[in-house]
Amino acid sequence: MDRMQTMAYLNGKFTKGKKAFEVINPATGETIASVPDLTRSDCRKAIDYAHAAWPIWRDTDTTTRSRTVRKWYELIVANKQEIARIMTQESGKPLAESLTEVEYGASFIEWFAEEAKRAYGETIPPPKNGQRLITIRQPIGVVAAITPWNFPLAMITRKVAPALACGCTVVLRPASQTPLTALAVAKLAHEAGFPQGVFNVVTGKDSKGMGEEFATNELIRKISFTGSTEVGRSLMAQAAGTIKKVSLELGGNAPFLVFDDADLDAAVEGAIAGKFRNSGQTCVSINRFYVQDAVFENFAKKLTAAVKKLKVGNGLEEGIQVGPLINNDGLNKVKTHVKDAIEKGATLLTGGKVKKNLFYQPTVLADVPMSSFIAREETFGPICALFRFTTEDEAIAMANDTEFGLAAYFYSTNINRCWRVSEQLEAGMVGINTGLLSNAVAPFGGIKQSGIGREGSKHGLDEYTELKYLCFGS
Ligand code: SIN
């Protein structure tokens, strides 16, 4: 069945805009489809629809809300092959990875359909006889969600599913590079039976104007954004005008520490998983590898051998593991980071070149100087930058020497070290002897300038509710 949907979704209807823009396949440069190029004023209309729908959805019983959300999950799973193909075409990620993302993305919907039933309040022992103190959780209202291109489905579902499940209504703006996955799942939400106006999807190129509308419109009570720290900072400043609740999932610069007591084969496996997922274009991608002196050469050799085996190409082809970068800006950043590291003295162990068009060879650089751009900035590409360290304290200091604090990883077989290092790393999430840590049941989010709030887990629902305190007098 063709699940490609090319119209925006407003007030329960699929609508064309006055203008359209093209969605390009980064692997081939071909146009896949045209979608509505909606404006800031279309966004305002969508917010009005979501606001009108809010009382109806808020007052819908939890069982009905939970079942509707669950139905959406079932429809996505039933159509996962088709959605994965759409995702690969617009994002470039290998088909196997897109399928994994559809399942990962759907798992947030399944999880929050259940969690909505458990939006518990509490009873509090009163300080005076006769009083009764209670808290209840209520949906916050109209939610604006702004999502990136690197996870065209999962970044949507981990915002939209908790919001809808607990009784909020939503206006979503998906990234203009990857609107087709969003529209395909909007069609399935329509089929699942959400009332009109409860979920709206506005596609458009005007990210600045639409973001500003979301952040300043009084009817929006909550804004949830995944993307760069720079844009997150600006949305937060704009949202301050109407004191909106904000959730921000921003940039990272994840360190990966390999201690001399690590299982090196396991560390290489974790490194490949944590570095090359989506060609290194994830916020939790490893950006800096710190390897202890005694195992540096051996780790570098094993990692280089594994990197050389990675198959690069169009994600629709069988066996491809690394797809293209999303666009020329992404490619140029990778090129600049590699050139800069080599000029400053790093040794190139493999890769280091554009393969063709937006495809960059998986690369390993050894003995990268701390003055390199790659030590400070998120590369968002298939580059492994290896730095040396001697002591544990030095490794922790280097890992924490960044304004970001999203994910951190390390490998060690010493249990005391595992606890010690986990507690000292300044990150919202720490992977211990693993390079992959995301799932629907655990809290995803960062500290420092990597963001505010948590997605997934039981905490992910709190972001879309207000805690109200009721005090019954004697
Ligand atoms: C991200 O890159 O923002 C999310 C990655 C993940 O969910 O693992």
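The values are calculated or read from the model by the stated rules, or taken from the named source; none is laboratory data. Note that the structure is a prediction, hence the values are computed from the model and not measured. Please note: Cβ atoms are built from the backbone with ideal geometry, for glycine as well, and neighbour counts cover all protein chains shown.
Hey, among the residues in segment 295-314 that are over 28 Å from the mean Cα position of the chain (by Cα) and without any contact (Cβ under 8 Å) to a residue 40 or more places away in the chain, which one's farthest from Gly351 (Cα to Cα)? Restricting to residues being over 28 Å from the mean Cα position of the chain (by Cα) and without any contact (Cβ under 8 Å) to a residue 40 or more places away in the chain, the top hit is Val295. If Thr28 satisfies all but one of (1) out of contact with any strand residue (DSSP E or B) (no Cβ under 7 Å at 6 or more places or on another chain); (2) surrounded by 17 or more Cβ atoms within 10 Å (Cβ to Cβ), what's the number of the condition it fails? Failed condition: (2).
I'd like to know if segment 265-280 contains one or more residues that are within 29 Å of Ile326 (Cβ to Cβ) and without any contact (Cβ under 8 Å) to a residue 40 or more places away in the chain. Within segment 265-280, one or more residues are within 29 Å of Ile326 (Cβ to Cβ) and without any contact (Cβ under 8 Å) to a residue 40 or more places away in the chain.
Among the residues making up segment 275-284, a single one is within 10 Å of the ligand (Cβ to nearest atom), more than 11 Å from the chain's Cα centre (by Cα) and either surrounded by fewer than 24 Cβ atoms within 10 Å (Cβ to Cβ) or of a type in the set (S, T, N, Q) (or both): Asn278.
Looking at Thr379, Thr336, Thr363, Thr390, can you tell me which residue is touching an Asp or Glu at 6+ places or on another chain (Cβ under 6 Å), at pLDDT 95 or above and in the same structural domain as Ala300 (by TED's automatic domain parsing)? Reasoning before the result, please.
On the way: Thr379 fails: touching an Asp or Glu at 6+ places or on another chain (Cβ under 6 Å); Thr336 fails: touching an Asp or Glu at 6+ places or on another chain (Cβ under 6 Å); Thr363 fails: touching an Asp or Glu at 6+ places or on another chain (Cβ under 6 Å).
After applying the criteria, what remains is Thr390.
Taking segment 413-439 as the region of interest, how many residues are near the ligand (Cβ under 10 Å from one of its atoms) and assigned to a loop (DSSP other than H, G, I, E, B)? Break it down into steps so the answer makes sense when it comes.
Filtering segment 413-439 for residues near the ligand (Cβ under 10 Å from one of its atoms) gives 429, 436-439.
Imposing the further condition that a residue be assigned to a loop (DSSP other than H, G, I, E, B) reduces the set to 436-439.
Selection size over segment 413-439: 4.
Among residues of segment 242-255 that are β-branched (Val, Ile, Thr), those with a Cβ under 6 angstrom from a residue that is at pLDDT 95 or above and in a strand (DSSP E or B), sequence gap 6+ or separate chain, pair up as Val246/Ile223. Ala395 - would you say it is in contact (Cβ under 8 Å) with a residue 12 or more places away in the chain, surrounded by 23 or more Cβ atoms within 10 Å (Cβ to Cβ) and under 30 Å from Lys353 (Cβ atoms)? No: the conditions fail for Ala395.
Of a type in the set (Phe, Trp, Tyr) and free of Cβ contacts under 8 Å to residues at least 24 places away in the same chain, is that true of Tyr104? Can you show your working first?
Numbers: of a type in the set (Phe, Trp, Tyr): yes; free of Cβ contacts under 8 Å to residues at least 24 places away in the same chain: no.
No.
Listed here are the helices (runs of 4 or more DSSP H) enclosed by segment 1-92 that have at least 3 residues being touching a Pro at 6+ places or on another chain (Cβ under 9 Å): 40-58, 80-91.
Being within 16 Å of the ligand (Cβ to nearest atom), farther than 30 Å from His337 by Cβ and either surrounded by fewer than 24 Cβ atoms within 10 Å (Cβ to Cβ) or within 17 Å of the chain's Cα centre (by Cα) (or both) holds for only one residue in Thr157, Thr178, and it is Thr157.
For the residues Arg158, Arg137, the requirement of being part of a strand (DSSP E or B) and outside the structural domain of Cys283 (by TED's automatic domain parsing) singles out Arg137. Does segment 200-211 contain any residue that is of a type in the set (Ser, Thr, Tyr), at pLDDT 95 or above, assigned to a loop (DSSP other than H, G, I, E, B) and more than 16 Å from the ligand (Cβ to nearest atom)? Checked against the condition, which is being of a type in the set (Ser, Thr, Tyr), at pLDDT 95 or above, assigned to a loop (DSSP other than H, G, I, E, B) and more than 16 Å from the ligand (Cβ to nearest atom), segment 200-211 yields at least one hit. When segment 238-252 is limited to residues that are assigned to a strand (DSSP E or B), more than 9 Å from the ligand (Cβ to nearest atom) and closer than 25 Å to Thr282 by Cβ, the one that is nearest to the chain's Cα centre (by Cα) turns out to be Leu248.
I'm trying to understand the selection: among the residues of segment 140-154, which are in a strand (DSSP E or B) and under 17 Å from the mean Cα position of the chain (by Cα)?
Ala144, Ala145, Ile146
Here Ser91 qualifies as crowded, with 24+ Cβ neighbours inside 10 Å, within 16 Å of the ligand (Cβ to nearest atom), at negative phi and among the polar types (S, T, N, Q).
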